[in-house]
Amino acid sequence: MLDFNTACEMAKKNLVKQEYKNGIDGIYDLGDKWLFFGRMFDIGVPDYGNTPITIDKDTGEIADYPLSDVDNFDRYYVAEEIRIPKEFEIVD
């Protein structure tokens, strides 16, 4: 099983490669995966086009998680929010 802090580091690096800000804006537990949100713009600016990613807890596989998919949205809607560790927060 993948360590949570390792998954956070992987998510942060992946989001930065996709031109998101350097950090994580939200984390949710989907059971078998963690769901990570990034942010492209400063606080208060609508963040259109944001596609979160998941990291599989067993394999470490990273995948896009479009919320436009109804099944994905339903899982996200009931997922438990996880506090973002300080070292992975976005600093504006």
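The values are calculated or read from the model by the stated rules, or taken from the named source; none is laboratory data. Since we're looking at a predicted model, the values are computed, not measured. Note: ideal-geometry Cβ built from the backbone for every residue, glycine included; neighbour counts use all protein chains shown. Only protein heavy atoms, including side chains, enter the accessible area calculation; ligands, DNA and RNA are left aside. Shrake-Rupley method; radii C 1.70, N 1.55, O 1.52, S 1.80 Å.
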Only Lys, Arg, Asp and Glu count, each charged at its Cβ (+1, +1, -1, -1), so figure out the dipole size of the chain about its Cα centre, rounded to 20 debye.
260 debye
Rounded percent of accessible protein surface that carbon and sulfur make up, the stretch 16-71, 1.4 Å probe:
49 percent
Which label in (1) -0.39, -0.59, -0.68; (2) -0.45, -0.65, -0.71; (3) -0.51, -0.70, -0.76 gives the computed log10 I(q)/I(0) by the Debye sum over Cα atoms at q = 0.13, 0.16, 0.17 Å⁻¹
(1)
With every protein chain left in place, what is the accessible area per residue of the chain in square angstrom, probe 1.4 Å?
62 Å²
